[in-house]
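Trainee: Here's a structure for you.
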Amino acid sequence: MSEEAADKKTAGLSGKSVIVPIQAEELVQKAVEMKKKGLRLSQACCSWVNNQYEISYSFADDETLDYTTLRILAGRTDEITSISEIYPYAAFYENEMEELFGLKIRYINLDYHNRLYRIKTKAPFLPEDQREVTSGPAAEKSPDVAEAGKKEDAN
Amino acid sequence: MGKKSVIPFGPQHPVLPEPIHLDLVVEDERIVEAIPNIGFIHRGLEGLAPDRDFQKYLYVVERTCGICSFGHGLGYVESIEGIMNVEVPERAKYLRVVWAEMARMTSHLMWLGFTADAFGFESLFYEAWRIREKVLDLMEMTTGGRLIYSVLKVGGVLKDITPDMQKKILDDLNEIEKETREMTRTFLDDYSVKTRLVGVGVLTKQQAHDVGACGPMARASGIVCDMRMRGYEAYADLGFEPVVSQDGDSYARCEVRINEIFASIELVRRAFERMPKEGDLAVTVKGNPDGEYFARIEQPRGEAIFYSEGHGKPALDRFRLRTPTFANLQALCETLKGAEYADVPILILTIDPCISCTER
Amino acid sequence: MSRVMKFAPVILKNLFSKPVTRQYPAVPIQYPEGDRGHIEIQIDRCISCGMCVRSCPTGTLSVDRMKGTWTINRFDCVQCGYCVLKCPVKCLSIVPGYQVPEREKTAQTYQKSPEVLKAEAEKRAKQAALAKEMAAKKAAALKAKKEAEAAAAAGKAAEAAPAPAEN
């Protein structure tokens, strides 16, 4: 629905804006594809909606003015692999997501370890009951435990 | 091979208008690496969105920063109008362009002043700010505010520019153009200014693309990247053409910004010519935003992204603002590599840093 | 010469022209019309509806309906003018003239005049009486309706009762 609305509004504008849902594992591969196409990483952001993360990586094409957004849905304890190896400047966006939303991102090339904005509160943009992670990182757990963790979050 | 040492730069430094900290790895007099460190003025303005009505939140967004205030407001209303599918009246579109371009002029004139100050040309600094003051007076006359205008609303604008005001603006713009031309001759041709700018902090086209630069920073390196080319608001009707330079050094960045001032003056004139003489200023907006939208606006400092996401409630669930300086941080680090230590202040200034926008 | 003395004409011109700055305290500032300086209220026209309180982005306003007061902390006000837009009786206005600095943040309270308060109290009493009357009427009507409904329902229930028992 949102995409339709976006299309109507952008009808008079040059450049299309599309949102492509992808899996978390595909992110690095897709980023490489984008890089090969010569696109610029325009922004990356995160939001917490319906008890899950909505992560958007947007790529801009300066010639056609198109705008492609990769959308990943992730649970509270899921880990995302950084694309800062492919786009070095993604590190700032990823640090920001990590600090403001408590999203775990692996292998950031310039990791500030939650010290980018120097704030006291942990993950201030999450609802208060979500800020503390009750279980450890998903990577250390067996898949079924991770599943259980997700279900807990959903409740 | 000299000895490597780390010199902290900022957050308090005479040349910095706003706090940013850089750890400069220096070898003799040359910089090998720069690591930026922000976070001194993070206020969490994005986090205020879920507590406020979307109409009310506009005033918070506008106050993110004093210089790009109009750009922030414009991007926010664009994003909400995008979600709610609102068609803004024709006259309001042109008025928005007029104000946006005048805001761009104030920002660029301010930047010219700061740059003059950074290379130690105090009287040139005052000259730039004297001209800026005239633009600010025009803004105050039309909007009621000098820096934070609060004339936007979702669905249109709140104030009109009367024919008297229009005449005054056009008269003053002639004068401003003449004075700016006189002043910028010093920026572009003066020997001492050129020695500080030409060949300093070169960012090639390829490098600029690799670091994701945007705005005047990218345009000075030959990348044609201007969101106004998308033709939002009335830019499509105004025959907008981006200002581009090829050299990629500090001088080119200065040149691009100076030429943009003249381009802005021209756009304001054209907007007044083609603006419908009468018409509604705003349409009523009913309901709550339901959906998401990425609005892309060209602010004085470059491309800014406004992402709004709402789910039928009066307040947005998420509002995200990516400011141009945030995108240009990497470009700053890239230009600093290999630069002389004495050129650091001028290089920091050439990205036109706006740290309070960046940290929000 | 031409390369090094580019700024000289501007300096010379500035040297022989009047200062662009104003002799501030001696010469007062002329604000343009419509300048957003501070909020003013015509308190006697206020109906204490609280729209301004709900619309304020910084939450600096408060209204007491019973006492007839309107309070603003001018140091928290950001002069956005949204309350002025939202006010249904247009008793608020935004006028030129900035807030002068002070040592502490203080709230400023505006009080409605006794006559207005008295008139309002009378009006409220009248309305309350009217509402009471209406409520009594309504209650009576409702009671009658309910009784009628109950009677009808009782009749229906007697017919429908066997149906759920089958499930």
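Rule-based calculations on the coordinates, nothing more; no lab input. Since the model is a prediction, treat every value here as computed from it, not as a measurement. Neighbour counts run over all protein chains shown; Cβ positions are idealised from the backbone, glycine included.
Trainee: Out of region C:1-68, which trypsin sites (Lys or Arg not before Pro) are coil in DSSP terms and have no more than 14 other C-beta atoms within 10 Å?
Mentor: Sites meeting the loop and neighbour criteria: C:ARG3, C:ARG22, C:ARG65, C:LYS67.
Trainee: Please give the charge dipole size of region B:20-75, origin at the Cα centre, charges +1 on K and R Cβ atoms and -1 on D and E Cβ atoms. Round to the nearest 20 debye.
Mentor: The calculated dipole for region B:20-75 is roughly 500 debye.
Trainee: Still on this structure, I have one more. Expressed as an acute angle from 0 to 90° and rounded to the nearest 10, what is the orientation of the C-alpha long axis of helix C:114-160 relative to the principal long axis of chain C?
Mentor: Computed tilt is about 40 degrees.
Trainee: Moving to a separate point now. Starting from the Cα gyration tensor of region B:74-227, take the square roots of the eigenvalues, sort them a ≥ b ≥ c, and report rounded, prolate or oblate (rounded when a/c is under 1.5, otherwise prolate if a/b is larger than b/c, else oblate).
Mentor: oblate
Trainee: With a cut-off of 19 Å, note down the residues of region B:59-80 whose backbone N falls inside the zone around a label point 7 Å from the Cα of C:TYR24 toward its beta carbon.
Mentor: none
Trainee: Would you please give the FRET efficiency between B:LYS3 and A:ASN114, computed as 1/(1 + (r/R0)^6) with r the Cβ-Cβ distance and R0 = 30 Å, to the nearest 0.05?
Mentor: So the FRET efficiency works out to roughly 0.40.
Trainee: Let me ask you something else. Which of rounded, prolate or oblate describes region B:1-77 when judged by the alpha-carbon gyration tensor and an a/c cut-off of 1.5?
Mentor: Prolate, because a/c is 1.5 or more and a/b exceeds b/c.
Trainee: Using Cα springs under 10 Å in a Gaussian network model of chain B, which residue among B:GLU127, B:GLU278, B:GLU303 shows the largest mean-square fluctuation?
Mentor: In the Gaussian network model the winner is B:GLU278.
Trainee: From the backbone phi of region A:68-82, what are the Karplus-calculated ³J(HN,Hα) couplings (6.51 cos²θ - 1.76 cosθ + 1.60, θ = phi - 60°) in whole Hz, Gly and Pro given as x?
Mentor: Per-residue couplings from phi come out as 10, 10, 8, 10, 10, 9, 8, x, 4, 9, 5, 10, 10, 8, 5 Hz.
Trainee: May I pose another question? Take each complete run of DSSP H in chain B, measure how far its Cα atoms stretch along the helix's own axis, and keep only those covering 15 Å or more with mean Kyte-Doolittle hydropathy at least -0.5; list them.
Mentor: Within chain B the helices that satisfy the rule are B:69-84, B:90-118, B:122-143, B:250-274, B:324-336.
Trainee: What distance in nm separates the two pseudo spin-label positions at B:TYR126 and C:ASP44, each 7 Å out from Cα along the beta-carbon direction?
Mentor: Each label point is offset 7 Å from its Cα along the Cβ direction, giving 5.2 nm.
Trainee: Something else now. Using modelled backbone amide H atoms (1.01 Å from N, in-plane), which distant-in-sequence or interchain residues come within less than 5 Å of A:LYS104's amide H?
Mentor: Amide H to amide H, under 5 Å and 5 or more residues apart or across chains, A:LYS104 pairs with A:ILE80.
Trainee: Run the simple label-point estimate for C:SER17 and C:LYS146 please: 7 Å along Cα→C-beta, distance reported in nm.
Mentor: 8.3 nm
Trainee: Filter the trypsin sites (Lys or Arg not before Pro) in region A:19-60 down to the DSSP loop ones having no more than 16 other Cβ atoms within 10 Å, then list what survives.
Mentor: When the trypsin sites (Lys or Arg not before Pro) of region A:19-60 are filtered for loop state and at most 16 Cβ neighbours within 10 Å, nothing remains.
Trainee: Something else about it: If amide H atoms are built 1.01 Å from N in the plane of the peptide, which residues on other chains or at least 5 residues away come under 5 Å of the amide H of B:ARG318?
Mentor: B:GLU309
Trainee: Taking chain B as a Gaussian network, where each spring joins two C-alpha atoms under 10 Å apart, which residue of B:ALA213, B:ALA342, B:ALA263 fluctuates the most?
Mentor: Ranking B:ALA213, B:ALA342, B:ALA263 by mean-square fluctuation puts B:ALA342 first.
Trainee: How high is the FRET efficiency from C:ALA154 to C:GLU133, r the C-beta distance, R0 22 Å, rounded to 0.05?
Mentor: 0.10
Trainee: How high is the FRET efficiency from B:ASP171 to B:ASP290, r the C-beta distance, R0 41 Å, rounded to 0.05?
Mentor: So the FRET efficiency works out to roughly 0.35.
Trainee: For the pair B:ARG181/B:VAL25, report the inter-label distance in nm, with labels modelled 7 Å from Cα in the Cβ direction.
Mentor: About 5.0 nm, to one decimal.
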